[in-house]
Amino acid sequence: MTPEYIPGLKETLGPTRAIRAPTSRRGFCYILMAMTLFTHLPQNVAAIYKGKNLAWQAAAVALTYAIVASGLDWRYFLATRPIPWSAVMPAVALGGIVPIVLPLCVVAVGSLRKDALLRAQGWALGQATLLGLLISSLYKAFTGRIPPELATGLGGADSLMDISHGFQLGFLRGGVFWGWPSSHTAVAFALGAALYAISPGRPWRWASLAWALYVGLAVSVSIHWLSEFVAGAIIGTVIGLAVGRGIMAQWQAKRTSS
């Protein structure tokens, strides 16, 4: 495909500084590729809220209640907050960077190799990441969990106050950044579980889950309660497995039919 030049630009900037404009056909191809991110999306969302997957999310709620009501959230907070922020900051940062960079890298490598399967796997990771963020944020919008940082009050460690029972149920009463479940954990486990699902027999499938656990544990001793980590891990795993298995099943069906 021969790229077209923007009319008049070559005359203005000179022959060595002319900028190529993508043809409409190429732009349309890019749009189609980006739309792959939403492949099988309605079916995957439905699978997340069906049967065992819905039961697992109910289990996340039940475990949260048990951890909060038993006081385990507060005891875990007291035991782990001496851990310095510098020790967990790398994991928290990676939890925000890897879910963006990894899917894009897999899609890019698949495109360069003209490997349709690898490209589809990259978009599956992207969809799992996106759903992990959206679903966990939706839950946060209604639960309004008070973050553990407020437990120290204004007087430092001497003014510790047990606020582990603090939920502000309602819509957007606690925002969507803090709260139940942990989005860092949900996204990390959604990505890790999706990678596990699309990589049968590959050694790195276990490494992806270990990375998700690393991120989740780091936020559980810094910006989230233990129960938020537990719930995020369960919900994220449900999302990742549903997306990974759904997209791979669709891929196999297309190969069989062709």
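The values are calculated or read from the model by the stated rules, or taken from the named source; none is laboratory data. None of the values given here were measured: they were computed from a predicted structure. Cβ atoms come from the backbone with ideal geometry, glycine included; neighbour counts cover every protein chain shown. Areas reflect the complete protein model, heavy atoms only, side chains present, ligands, DNA and RNA absent. Shrake-Rupley method; radii C 1.70, N 1.55, O 1.52, S 1.80 Å.
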Solvent exposure of the stretch 106-239 as accessible area per residue, Å², 1.4 Å probe: 42 Å²
Length gained when the stretch Leu134-Ser257 is fully extended (0.36 nm per residue, less Cα-Cα span): 41.0 nm
Dipole axis of the stretch 107-258 (+1 Lys, Arg; -1 Asp, Glu on Cβ), positive-most option in Gly236, Gly166, Trp180: Gly236
Under Karplus coefficients 6.51, -1.76 and 1.60, residue-wise ³J(HN,Hα) of the stretch 212-223 in Hz, glycine/proline x: 4, 5, 4, 5, x, 5, 5, 6, 6, 10, 9, 10
For Gly166, residues with placed amide H under 5 Å, excluding near neighbours: Ile146
Förster radius 51 Å - calculated FRET efficiency between Ala249 and Glu149, Cβ distance, rounded to 0.05: 0.75
Protein accessible area in the stretch 75-221, 1.4 Å probe - carbon and sulfur %: 74 percent
Calculated from backbone phi, Karplus (6.51, -1.76, 1.60) coupling profile of the stretch 87-96 in Hz, x at Gly/Pro: 6, 10, 4, x, 5, 5, 5, 4, x, x
Protection proxy ranking of 105-115, 68-78, 235-245, 126-136 - average other beta-carbon atoms within 10 Å, highest first: 235-245, 126-136, 68-78, 105-115
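Applying a 10 Å radius around every beta-carbon, put 79-90, 223-234, 191-202 in order of their mean neighbour count, most first. List each step's numbers first, then the result.
Numbers: 79-90: 11.9, 223-234: 26.3, 191-202: 21.6.
Ranking, from highest mean packing down: 223-234, 191-202, 79-90.
Which number do you get for Rg(Cα) / (2.2 N^0.38 Å) in the stretch 108-258?
Here the answer is 1.24, to two decimals.
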